[in-house]
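Encoded as structure tokens, the structure appears first; notes follow it.
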Amino acid sequence: MEYFKSGLKSVLGTPQEGSQPTGAETVERLVDRVQSSTLLDDRRDACRALKALSRKFRIEVGAQGMGALCQVLEMDRRDCEIVGYALDTLCNITAPESFEDEEHTSLSLSSVGNIGEQFTEIFIKQPDNVGLVLGFLEEYDFHVRWPAVKLLTSLLDNRPKEIQEIILASPMGVSKLMELLGDSREVIRNDALLLLVQLTKGNANIQKIVAFQSAFDRLFDVISEEGYSDGGIVVEDCLLLMLNLLRNNNSNQNFFKEGSYIQRLAPMFNLPPESDDTGWSAQKVSNILCMLQVVRTLVPPGNPAQLTMSSQKTMKACGLLETLCNILMASGVPADVLTETINTVAEVIRGNQGNQEYFANVMAPSNPPRPAVVVLLMSMVNEKQPFGLRCSVLYCFQCFLFKNEIGQSQLVQTLLPSSTEVVSLTTGQLLCGGLFSGEALSNWFSAVALSYALVENPAQKEQLLRVLLATSIGNQPISLMHQCTMLLLQQGNKVQSKLGLLMLLSTWLAHCPLAVKQFLSIPTSIPYLTAQAGSNEHDDNEKLVQGMCAFLMGICVTFNDDTVTTFSKEKLRQLVEKRLGLETFLDKISEVSKHELYSKAAKHPQFQAKQSSELLLDHEFCCLFKALEGMVIKAVTPKPQGDLVNGSSELSMSPSENSLLLQYKDLIREQDRKLQELTQIIDRLTAEKSTLQAQVDDLTSTISQLRDENMVLRAQTNTGLGQTTDGSTLGHKSWAKSHQLKTDSECKDSLTCKLEEQVTSGTMSDLEARLRSTTMDGTVSTSDTEKELRETQQRLAAAEEKLAELESADSELQKLRKDQEDLLELLTDQDTRLNQLKAQLRALGEKVDDDDEDLEEEGEGYEDEDSA
Amino acid sequence: MESQPNKQTGWCNGIAVDLYSGGVGKSCLLLQFTDKRFQPVHDLTIGVEFGARMITIDGKQIKLQIWDTAGQEAFRSITRSYYRGAAGALLVYDITRRETFNHLTTWLEDARQHSNSNMVIMLIGNKSDLESRREVKKEEGEAFAREHGLIFMETSAKTAANVEEAFINTAKEIYEKIQEGVFDINNEVCCTFLLNLAS
Ligand SMILES: Nc1nc2c(ncn2[C@@H]2O[C@H](COP(=O)(O)OP(=O)(O)O)[C@@H](O)[C@H]2O)c(=O)[nH]1
Ligand SMILES: [Mg+2]
């Protein structure tokens, strides 16, 4: 509200301050001239003056002059000069940012941010206005085209969705914007680029049309003209536009690939010869980072496999992959560029056998020459390397082994005893070294990297069991599995290391009974897990460790082939039940997916961590967890009903299961007894009923017989007069008898009815209810599932509620906005009234403030300022 | 802009396969042509989807770029943005639904109004495998094509019958126009089709 009061003050002018006209008054008069002067020259001058005022008195010009300016665009469109002024003025008042010299005395800062937006909203209320501006893009005159571009950019900044729709709906709207890229005047071309960047944000249809209109050709032309990565910020803008066109837009990605544009990406990554120390300016780093993003948008892990595959293939065929690998191995590359290059190579090879094989054979120019993979892993387990870089190496390694059985087996191979003495450093050795490192992060990286060799590869899980490590000279070598378990015990409170090892072990043991067997044969393994899972620390990360230990135990139950008798499936189940309690155990498992980092890791294969402490869970592990959680829960949960049905032995049950079973049996027996009782009652009642029914029938037939008799008698009475007395007496008697019988029968009838009723309604429904409750007891177990369902529904409902709240907040906002507008309108009205009144007063010879005389001069003054 | 040569790649913007509001089989035709497979349940096309394939005409490799458009009225203004750059269009109706055939005139007017006047238009009666449910006689399609100067063919995206021919014949026609210099396109090697649909 304060905004409008102050606006009002400035529109009306602060009262009685000498004879100086306020800005508002000047604006008012200029607007009046633009609107009503019949001379173009005069209108043009006034418009120029308005432009000059439109920064300092932005609100006043916007509030009073919007209509006049739109009128100029419409009526004076043939005069480039005045149109130029009008467009410039509109640019200023709709600018998303505020100006330094802007005067908004008592305005709160927060409302200042909205001024541009509010004027944009007013401007586009009339969608034709946007059409007019689009039309001016076709005008070659610099003073028209340029501000038209800038105005559209501001409008898009402020109201992207609305403007996008208007442009999409206006005939050839997008084409007009695309034409601008061909403008030989660099300023226009560059600003048009920025405009297109805004225009294409988040609108797939516009992105496709822009691509259809040869956007990629034009962008590559500009990029090469500007000198590729050595070019200025224009190159970056081109790449930003390219990114907009490609991100999440499969149709455009396909078009990019089919149009052979991938081939045109390769030369962008050509690095200067190493002697050249013009090297790496900040702009060049930005350009290269953007180019790497472009490559990555073509092959994101979430894309349809077919599309990614064929793009990856092209990237290798055209030498792009090679160029990228060269950057990896080059010296003097800034760390952030190197990191992003590694991430890019990762996605270019991910899941593509040919590319993975190529990558495996890339050699680093080290002495002695080593495979690039080895050199990268050396960085990963080196604590002196930047954190981001180390993460990217692990990501690259993950992608390298993703769906790569050969690569997985080669890695495991490097750890197996072999006949040939291997002298050089191998990937396997590096990772084992990392496992034993004193640095928690190295442990984590190495454990996770090793687990990638096992993902969905049962053969390698078994192979890895054969790996033996010599700990110290003279000691028997012990298995890698045993080592891992021992390491786990030694980690104390190093959460990160423990989690790494637990993820490795989970991946290893899942779906591999042989591995489970080896693990269970290690004496310390299960006691450790039981102790951890049973501990009660409340720290989030500790809870995660407990959950992972419970999960690993669950895996031991699930994939247990009962070969280790001390920890057979059943014995482990009992252990869980006795030592931890089933409920607690399941709660612990659910802690894993409740951890805040879980959903992040589950969502995207790349590590999103900003710092080491956020690196706890890995994507591949989360996938495994998601797939196995249900299975594990089922495996540790006893299922008495299933056993009954199968008639399988009750001997194999735990005591608690047994007692539960007994309880159930008792319950069922009890229900059975009740059922029989009730059936007997029904039988009895049914029998009674049918007896009564028979009696009723009997009586009914007697009655009708008597009735007949009666009729005969009456007839006799009527005809045989002589025998009246006797006859009538007889008749009477017979009637009385019949009457009595009738009553009798009626009474019995109603009794029958009552009984019937009782049998059908009362007793039956009671029976039914009892039957129902019997059935219900039998189905208790399904109610758990139902409960879960209900909980989920509740959560959904809560979410919907929140949404509704947000929506209502939004509509309130809209209402407030509308109120503001109304007020603004009111203001303008009052203003006009005031003017009229003043004019009337003047006409009546009354002296009104004399500012008006001075105004002319003031206006001139501003114009001078403008031309200066 | 109109079918301008693309100096860099030598692509020409050429054919539009035109299928209209939902369900006559545009997307299936495109998929059959580019991937040689039929997918019975196809997502509704939103806006426009891109597809491409290399073919050989006169010993020359030509890359066809095809833009499969959504038929719904709501996407009309989007679809129009593509007409101008297209050298050809396939106008598709469904032989088992007469209303799609009746809609052709409207579509044709719209296309002619917004496209290059030399745009090659082929009329396609799709779903020829569903003979038992046919509502539009082949002769009717032929007559309509004759009357409006279009090429005509019946196809089945399901059995692939005539699908190759439909696209390739249209491409040939465009290619001839290029040779004659009707299209201002440097001789090499690409055509943009637009798929439109009548429903
Ligand atoms: N029997 C048969 N069905 C088809 C044929 N072409 C498409 N269809 C079916 O028609 C429906 C619509 O196809 P679609 O390609 O999505 O139509 P669009 O809206 O024109 O793109 C789908 O259910 C297809 O399976 C065809 O040649 N024969
Ligand atoms: Mg479709």
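Each of residue A:693 and residue A:705 was given a label point 7 Å from its Cα along the Cα-to-Cβ line. The distance between the two points is 2.2 nm.
Which value, in Å to one decimal place, does the Kirkwood hydrodynamic radius take for region A:427-652 when every pair of different Cα atoms is included? Before the final figure, lay out each step's value.
Values: mean 1/r = 0.0558 Å⁻¹.
Across region A:427-652, the inverse of the average 1/r is 17.9 Å.
Residues whose amide H comes within less than 5 Å of that of residue A:363, counting only those at least five positions distant or on another chain, are A:372 (H built at 1.01 Å from N in the peptide plane). Based on Cα contacts under 8 Å between residues 6+ apart, region B:15-177 shows a relative contact order of 27 percent. Other residues with beta-carbon under 12 Å from the beta-carbon of residue A:282 carry, at +1 per Lys or Arg and -1 per Asp or Glu, a net charge of -1. Scanning residues 5 or more positions from residue B:121 or on other chains, those with amide H under 5 Å from its amide H are B:89, B:151, with H placed 1.01 Å from N in the peptide plane. Surface calculation, 1.4 Å probe, protein heavy atoms: residue A:815 sits at approximately 130 Å² accessible.
Placing a label point 7 Å from the Cα of residue A:224 along the Cα-to-Cβ direction, the residues of region A:235-264 whose backbone N falls under 18 Å from that point are A:235-236, A:238-239, A:242, A:256-264.
Note on residue A:409 and residue A:162: with the Förster distance fixed at 41 Å, the Cβ-Cβ geometry gives a FRET efficiency of about 0.10. Between residue A:578 and residue A:329, the simple spin-label model (points 7 angstrom out along Cα→Cβ) gives 6.1 nm. In region A:299-403, Rg over Rh equals 0.96, where Rg is the alpha-carbon radius of gyration and Rh the Kirkwood radius from pairwise Cα distances. At a probe radius of 1.4 angstrom, the accessible area of region A:294-394 per residue rounds to 38 square angstrom.
For region B:18-164, the antiparallel share of DSSP beta bridges with both residues in that region comes to about 55%.
In region A:427-652, Cα pairs under 8 Å separated by at least six residues give a relative contact order of 17 percent. The accessible-area loss of region A:233-267 on complex formation, taken against its chain alone with a 1.4 Å probe, reaches 50 Å² or more at A:251, A:255, A:258. A simple count of charges around residue A:593, restricted to other residues whose Cβ falls under 11 Å of its Cβ and scoring Lys, Arg +1 and Asp, Glu -1, yields -1.
Report the B-A buried area as the accessible area lost on both sides summed, probe 1.4 Å, in Å² to the nearest 100. Before the final figure, lay out the partial values.
Working: alone 9000 and 43980 Å², together 50960 Å².
That pair of chains buries around 2000 Å² in total.
Could you tell me the ratio Rg/Rh of region A:566-619? Both radii from Cα atoms, Rh via Kirkwood.
Value, to two decimals: 1.19.
For region A:66-79, 3J(HN,Hα) computed residue by residue from phi via the Karplus equation (6.51, -1.76, 1.60; θ = phi - 60°) reads 3, x, 4, 5, 5, 4, 4, 4, 7, 7, 9, 5, 7, 9 Hz, glycine and proline entered as x. With the convex hull drawn around the C-alpha atoms of region A:350-392, the volume per residue stands at 75 Å³.
The values are calculated or read from the model by the stated rules, or taken from the named source; none is laboratory data. Please read these numbers as outputs of a predicted model, since none were measured by experiment. With ideal geometry, Cβ positions are generated from the backbone for all residues, glycine too; neighbour counts draw on all protein chains shown. Areas reflect the complete protein model, heavy atoms only, side chains present, ligands, DNA and RNA absent. Shrake-Rupley method; radii C 1.70, N 1.55, O 1.52, S 1.80 Å.
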